[in-house]
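Please read the structure below before turning to the comments.
The values are calculated or read from the model by the stated rules, or taken from the named source; none is laboratory data. Quick caveat: nothing in here was measured; it's all calculated off a predicted structure. Here Cβ is always computed from backbone atoms with ideal geometry, including for glycine, and neighbour counts include all displayed protein chains. Areas reflect the complete protein model, heavy atoms only, side chains present, ligands, DNA and RNA absent. Shrake-Rupley method; radii C 1.70, N 1.55, O 1.52, S 1.80 Å.
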Amino acid sequence: MKKKSLLALAATGLAMSSVLAACGGNDDSKDSSGGDKKEGFKVGMVTDTGGVDDKSFNQSAWEGIQKFGKDNDLKEGTGYKYLQSAKQSDYQPNLQQLARAKYDLILGIGFLMAEDIGKVADQFKDNNFALVDMVVDKPNVASIVFKENEGSFLVGVVAGLTTKSDKVGFVGGVNSDLIKKFESGFKAGVKAVNPKADIQVQYAEDFNAAEKGQAIASGMYGKKVDVIYHAAGGTGQGVFTEAKNRKKNGEDVWVIGVDRDQVEEGMPENVTLTSMVKRVDTAVEQVAKDTKDGNFPAGKVVEFGLKDGGVDIAPSQDNIAKDVLTKVEDYKKQIIAGDIKVPSTDDEYKEYEASLK
């Protein structure tokens, strides 16, 4: 598959290839190789089990589609819509429903949908599909991926320089190659600025279990961890709940959010130190625009990294010391310049950690 690096998302209007054009919606529409500008364009999205209001990547994706719909005078429910997945067995029928309804672009949100979107893409070869967070090697599927390890490195720098106990934590949703990118980048950032830091890692094996997130956070905070970074979707809401409860009792603990700016999730106790933003909203919006303009990148991988504006620390930075922000900017420049290769796997992290000694 071909791999593209995109120019800064928000700063440019260049088409960022990747999407779907459910060809077959009109007699004169083109096939999945791309084609004419679409009239009566329809875009649909299937959530993963976290749901559209997960305050994380599903919500971010829907916000991007909503903006696209409004900017193009589409009607919600017909011109653009989402289908909620209560359980994993909903993925395939939801995708099939949108395909049968001849949606021009059908987006699957989350790597857990990879197998199902591959099967449905085979069933509906004239439809175009896009998957966020995983590569599916099909001629009518565009794969939208991010360099989460790079953004996670930056919030790791923040955690490593902010912790007073020299103990930080990482709470993951499902232990997978994707979430390992968050974990590995975060640990690398922490160790880059605080080699003596103790980093505790635990996975909930669920993206939609706030009670598990709270229990894991309780255990970590109880062991003197004072900063926790979560990459756990809805499970991460439990981390916020535990931090807020402890803040009410006078404990000085922090949470680092993920995917979108989660400053509001930490209120009113103000426990959000920062967040690692992943611009799923901008990505799906641009992908929809490109598809509507007839530029579907059939079978391609579109990757968003730090230099593309696809990942970064959140704009809410009031809780971060100025000298820490200066360090973050310095590391950001080094990563973009290629002077630092941020690890994305356990093996790469071990090599990175060894290089610091």
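Angle, helix 280-292 long axis vs. longest principal axis of the chain, Cα atoms, 0 to 90°, nearest 10?
Approximately 10 degrees, to the nearest ten.
Between the helical axis of 177-193 and the dominant principal axis of the chain, each derived from Cα atoms, what acute angle in degrees is found, rounded to the nearest 10?
30 degrees
Could you calculate the FRET efficiency of L356 with D122 from 1/(1 + (r/R0)^6), where r is the beta carbon distance between them and R0 is 30 Å, rounded to 0.05?
The pair L356/D122 has a calculated efficiency of 0.05.
Heavy atoms of the protein only, probe of 1.4 Å, neighbouring chains included. What is the accessible area of K332 in Å², nearest 10?
Using a 1.4 Å probe on the heavy atoms, I get roughly 40 Å².
Kindly provide the Kirkwood hydrodynamic radius of the range 129-170 in Å, to one decimal, from all pairs of distinct alpha carbon atoms.
12.8 Å is the Kirkwood radius here.
Run lengths n ≥ 4 of DSSP H only: what is the helix-derived mean residue ellipticity at 222 nm for the chain, with -39500 (n - 2.57) per run over all residues, to the nearest 500?
Rounded to the nearest 500, it is -12000 deg cm²/dmol.
Any chance you could list P(r) for the chain, counting all Cα-Cα pairs in 10 angstrom bins from zero, rounded to whole %?
Once binned at 10 Å, the Cα pair distances of the chain give 6, 26, 32, 22, 11, 2, 0.
Take the Cα gyration tensor of the range 261-308, multiply each eigenvalue by 5, square-root it, and list the three semi-axes largest first, rounded to whole angstrom.
Equivalent-ellipsoid dimensions as semi-axes: 33, 12, 7 Å.
For K181, what accessible surface area do you get with a 1.4 Å probe? Give it in Å², rounded to 10.
For K181, the solvent-accessible surface is approximately 40 Å².
About the Cα centre of the chain, what is the dipole size in debye to 20, counting +1 per Lys and Arg Cβ and -1 per Asp and Glu Cβ, all else neutral?
Charge dipole of the chain: 360 debye, to the nearest 20.
I'd like the Karplus ³J(HN,Hα) series for the range 343-357: coefficients 6.51, -1.76, 1.60, θ = phi - 60°, whole numbers in Hz, and an x wherever there's a Gly or Pro.
x, 10, 9, 4, 5, 5, 5, 4, 5, 5, 4, 5, 5, 7, 8
With every protein chain left in place, what is the accessible area of R260 in Å² (1.4 Å probe, nearest 10)?
Here the accessible area works out near 50 Å².
Running Debye on the range 258-357 with equal point scatterers at the Cα sites and no solvent, what base-10 log of I(q)/I(0) appears at q = 0.17, 0.18 Å⁻¹?
Treating every Cα as an identical point scatterer, log10 I(q)/I(0) equals -1.00, -1.06.
Beyond 22 Å, how much of the Cα-Cα pair distribution for the range 111-245 remains, as a whole percent?
Considering the range 111-245, 44 percent of its Cα-Cα pairs are separated by more than 22 Å.
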